[in-house]
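Notes to accompany the following structure.
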Amino acid sequence: MGRVSRTFKLKLSPAGVELLLDCHCRLGHLVNELLPFGNTLYCALVHLDRIDTRLIADDLKTLRESGLLGERVCFVGAPLTLTDVTSRIAERLGPEAQRRGPAALNSRLFIVALKQFRLAPSEAIVAAYDAMLEEAGDCLKIGRMLRTRRMELGPIGQ
C-alpha cells in the first residue's frame with residue numbers, strides 16, 4: 001500500500017496562526033475529540049467546497065490585505081485525498097484562479113478555507129466533518145471511539 005498522507009505547508013502571519021488555532025479548537029469542541037491539525041484543514045476545505053465560488057474568488061483577491069498570509073511556515077499532516085478537495089475547488093474557480101499554478105493556489109485556498117470555516121455556523125462545520133469522514137475514510141487519524149460511534153450512530157448531532 002502506498003503513502004496515504006503527506007505534509008502540507010501553510011505560510012501564515014501571527015493572525016493566520018490564530019485563525020488555524022481558533023478553527024481547530026472549535027472543531028474539537030463540536031465533535032468532542034482531540035484531532036490532528038490536518039483534520040481541521042481537511043474539514044475546512046470540505047466546507048469551502050460547498051461555498052459559492054464568487055465568495056471564494058473574492059477572498060482570494062483580498063487575501064493579501066487580510067493579514068493572514070505571512071512568513072511563519074506551518075506544516076500540517078493530512079490524507080493525500082485532501083488534494084482531491086482542492087482540485088474540485090480549483091476546477092470550480094476556473095483557469096483564471098489557477099494561472100500561478102496548483103501549489104500557489106492550494107496554499108492560498110488553505111487560508112481562505114480556514115477563514116470561511118471560522119465564519120461558518122456550527123451545523124455547517126459538523127456537516128463538513130461528517131462529509132470529510134465519509135470521503136477520507138480510513139486515511140484519517142481519528143480515535144477508535146469516534147470511528148465506532150460514527151458507524152453506529154451516523155452523523156454527529158442526529
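The values are calculated or read from the model by the stated rules, or taken from the named source; none is laboratory data. A quick note: this is a predicted structure, and the numbers were derived from the prediction, not measured. Reconstructed Cβ throughout: ideal geometry from the backbone, glycine too, with neighbour counts over all protein chains shown. These accessible areas exclude ligands, DNA and RNA; they are computed on the full protein's heavy atoms, side chains included. Shrake-Rupley method; radii C 1.70, N 1.55, O 1.52, S 1.80 Å.
Here are some notes:
- You will find that of VAL85, VAL17, the residue that is crowded, with 16+ Cβ neighbours inside 10 Å, without any contact (Cβ under 8 Å) to a residue 60 or more places away in the chain and assigned to a helix (DSSP H, G or I) is VAL85 and no other.
- Of all residues in the stretch 88-108, those satisfying the criterion of being assigned to a helix (DSSP H, G or I), more than 25 Å from PRO14 (Cβ to Cβ) and not acidic (Asp, Glu) are ARG88, ILE89, ALA90, ARG92, LEU93, PRO102.
- Candidate set from the stretch 61-82 (those that are among the small types (Gly, Ala, Ser) and part of a strand (DSSP E or B)); member that is nearest to TYR42 (Cα to Cα): ALA78
- Condition met for ARG118 (part of a helix (DSSP H, G or I), of a type in the set (Lys, Arg) and at pLDDT below 95): no
- Output for the stretch 20-49, where each listed residue is of a type in the set (A, V, I, L, M), modelled with pLDDT of 95 or more and surrounded by 19 or more Cβ atoms within 10 Å (Cβ to Cβ): LEU20, LEU27, LEU41, ALA44, LEU45, VAL46, LEU48
- For ALA78: the one exception among (1) open to solvent by less than 40 Å² (accessible area, probe 1.4 Å); (2) of a type outside the set (Ser, Thr, Tyr); (3) more than 22 Å from GLY137 (Cβ to Cβ): (3)
- Residue list for the stretch 52-72, restricted to those being farther than 13 Å from PHE110 by Cα and among the β-branched types (Val, Ile, Thr): THR53, THR62
- Scanning the stretch 25-77 for residues that are within 17 Å of GLU134 (Cα to Cα) and in contact with a strand residue (DSSP E or B) (Cβ under 6 Å, 6 or more places away or on another chain) returns GLY38, LEU41, TYR42.
- Considering residues of the stretch 1-14 that are of a type in the set (S, T, N, Q) and modelled with pLDDT under 95 only, the residue least open to solvent (accessible area, probe 1.4 Å): SER5
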